[in-house]
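First comes the structure, then the notes that go with it.
Every read-out reported here was derived from the displayed coordinates using simple, explicitly stated rules and does not represent laboratory data. The shown structure was predicted, so the numbers you read here are calculated from the model rather than taken from an experiment. Methodologically, a virtual Cβ is constructed for each residue, glycine included, from the backbone with ideal geometry; neighbour enumeration extends over all protein chains shown.
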Amino acid sequence: METEMNPQLIEFSVATLINAGICLGIAFRLITFARGDKAYRPIASLMAYFLIVASGAIAIKSLSGQYIATWFDVVLHGAILLAFIESKGNLVDIFRTAEGERAICKWLRKIRHGNTPSRKPR
């Protein structure tokens, strides 16, 4: 007796594996962020920590079969990964625009630790 595989399950399992890899990439890019001489921002660091934990949890749950991703998840998490790759893992840089700073970027930059300047002059 042959068992037929449901094509939706195959599609979701491929999407789940790809999504797990993308989420691991997000966590890895955030973990490997090198602050250098930039100011320490506790709120941005806390947000990055929660994103690392959430991305890692999605990857672990995906690989253990407790989370089934869709292609929508892959697209969304892929866009987030590309944003973090472009910003070199800097959460604050994702919210910065060429014209100025948006409200959330101002909020993230508001609190700093120490007297380190927020940006180097260009």
Local electrostatic count at Gly89 - Lys and Arg +1, Asp and Glu -1, tallied over other residues with Cβ under 15 Å: +4
More than 20 angstrom apart: percent of Cα pairs within the range 30-89: 34 percent
Note the full-extension length gain between Ala54 and Asp93 as 0.36 nm times their separation in residues minus their Cα-Cα distance, in nm to one decimal. 12.0 nm
